[in-house]
Amino acid sequence: MAIIIKPIVTEKMSKLGEKYNRYGFAVVPDADKLQIKKAVEDLYNVKVVSVNTMMKNGKTKSRYTKSGLIQGRTSKYKKAIVTLKEGDTIDYYSKI
(Lines give C-alpha, C1' and ligand atoms only; values in the text may rest on other atoms or scores of the structure.)
Protein backbone atom coordinates (compact mmCIF):
# COMPACT_ATOMS: atom_id res chain seq x y z
CA MET A 1 0.00 0.00 0.00
CA ALA A 2 1.39 3.40 -0.97
CA ILE A 3 1.46 5.83 1.94
CA ILE A 4 2.24 8.98 -0.06
CA ILE A 5 -0.48 10.01 -2.51
CA LYS A 6 1.21 13.08 -4.00
CA PRO A 7 3.52 15.94 -3.06
CA ILE A 8 1.93 19.31 -2.35
CA VAL A 9 3.50 21.83 -4.71
CA THR A 10 2.26 25.34 -3.91
CA GLU A 11 3.95 28.70 -3.46
CA LYS A 12 3.68 28.42 0.32
CA MET A 13 5.20 24.94 0.43
CA SER A 14 7.97 25.99 -1.97
CA LYS A 15 8.93 28.84 0.36
CA LEU A 16 8.92 26.48 3.35
CA GLY A 17 11.18 24.11 1.44
CA GLU A 18 13.66 26.83 0.54
CA LYS A 19 13.73 28.55 3.92
CA TYR A 20 13.14 25.81 6.52
CA ASN A 21 13.82 22.58 4.59
CA ARG A 22 10.19 21.42 5.06
CA TYR A 23 8.13 19.64 2.41
CA GLY A 24 4.43 18.76 2.21
CA PHE A 25 2.70 15.58 1.06
CA ALA A 26 -0.89 14.37 0.77
CA VAL A 27 -0.94 10.97 2.48
CA VAL A 28 -3.37 8.14 3.19
CA PRO A 29 -5.72 9.15 6.07
CA ASP A 30 -4.91 6.13 8.27
CA ALA A 31 -1.10 6.50 7.98
CA ASP A 32 0.81 7.38 11.14
CA LYS A 33 3.96 9.48 11.51
CA LEU A 34 6.38 6.55 11.56
CA GLN A 35 4.94 5.12 8.33
CA ILE A 36 5.13 8.54 6.65
CA LYS A 37 8.74 9.00 7.80
CA LYS A 38 9.78 5.60 6.44
CA ALA A 39 7.97 6.16 3.12
CA VAL A 40 9.64 9.54 2.52
CA GLU A 41 13.08 8.22 3.47
CA ASP A 42 12.71 5.21 1.16
CA LEU A 43 11.30 7.16 -1.78
CA TYR A 44 13.66 10.16 -1.78
CA ASN A 45 16.78 8.81 0.03
CA VAL A 46 16.82 11.58 2.66
CA LYS A 47 16.89 11.72 6.47
CA VAL A 48 13.63 12.92 8.06
CA VAL A 49 13.96 14.79 11.36
CA SER A 50 10.28 15.31 12.18
CA VAL A 51 6.79 14.78 10.77
CA ASN A 52 3.74 16.96 11.46
CA THR A 53 0.30 15.82 10.27
CA MET A 54 -3.10 17.44 9.93
CA MET A 55 -6.49 16.48 8.51
CA LYS A 56 -7.82 18.85 5.87
CA ASN A 57 -11.61 18.93 5.53
CA GLY A 58 -13.26 18.95 2.13
CA LYS A 59 -14.69 22.19 0.79
CA THR A 60 -18.24 22.76 -0.40
CA LYS A 61 -18.31 23.74 -4.06
CA SER A 62 -21.25 25.04 -6.10
CA ARG A 63 -21.75 26.38 -9.58
CA TYR A 64 -24.62 27.67 -11.62
CA THR A 65 -25.44 25.88 -14.87
CA LYS A 66 -28.27 25.86 -17.40
CA SER A 67 -30.00 23.11 -15.47
CA GLY A 68 -29.71 24.98 -12.18
CA LEU A 69 -27.48 25.00 -9.13
CA ILE A 70 -25.08 22.06 -8.78
CA GLN A 71 -23.57 21.50 -5.35
CA GLY A 72 -20.87 19.09 -4.32
CA ARG A 73 -18.05 18.55 -1.91
CA THR A 74 -14.35 17.84 -2.36
CA SER A 75 -12.92 14.92 -0.41
CA LYS A 76 -10.96 15.32 2.80
CA TYR A 77 -7.33 14.25 3.02
CA LYS A 78 -4.42 14.03 5.43
CA LYS A 79 -1.52 16.41 4.96
CA ALA A 80 1.98 15.66 6.25
CA ILE A 81 4.77 18.22 6.55
CA VAL A 82 8.20 16.63 6.92
CA THR A 83 11.34 18.40 8.10
CA LEU A 84 14.56 17.09 6.60
CA LYS A 85 18.09 16.97 8.00
CA GLU A 86 20.24 20.01 7.18
CA GLY A 87 21.72 19.63 3.71
CA ASP A 88 19.09 17.19 2.36
CA THR A 89 16.63 18.34 -0.31
CA ILE A 90 13.80 16.75 -2.26
CA ASP A 91 13.49 17.14 -6.02
CA TYR A 92 9.85 16.30 -6.84
CA TYR A 93 10.51 16.03 -10.55
CA SER A 94 13.31 13.44 -10.41
CA LYS A 95 10.83 10.52 -10.10
CA ILE A 96 8.76 11.40 -13.19
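Descriptive notes on the structure:
- Carbon and sulfur %, accessible surface of segment 28-79 computed with the full protein complex present, 1.4 Å: 49
- Among Ile81, Ile36, Ile70: highest mean-square fluctuation, GNM of the chain, C-alpha pairs under 10 Å: Ile70
- Measuring between alpha carbons in the structure, the pairs from Lys38/Lys79; Lys6/Lys56; Lys38/Lys61; Lys12/Lys47; Lys37/Lys76; Lys33/Lys61 lying more than 24 angstrom apart are Lys38/Lys61; Lys33/Lys61.
- Placing R0 at 25 angstrom, the Cβ-Cβ distance between Lys6 and Thr65 gives a FRET efficiency of 0.30 after rounding to 0.05.
- Taking Gly24, Gly72, Gly58 in turn, the Gaussian network model of the chain (Cα-Cα springs below 10 Å) assigns the largest fluctuation to Gly72.
- Applying the Karplus relation 6.51 cos²θ - 1.76 cosθ + 1.60 with θ = phi - 60° to segment 15-23 yields 3J(HN,Hα) values of 5, 5, x, 6, 8, 10, 6, 10, 10 Hz, where x marks Gly and Pro.
The values are calculated or read from the model by the stated rules, or taken from the named source; none is laboratory data. Since we're looking at a predicted model, the values are computed, not measured. As a convention, Cβ positions derive from the backbone with ideal geometry for all residues, glycine included, and neighbour counts pool all protein chains shown. The protein model used for the area step is the full one, side chains on, heavy atoms only, and it has no ligands, DNA or RNA in it. Shrake-Rupley method; radii C 1.70, N 1.55, O 1.52, S 1.80 Å.
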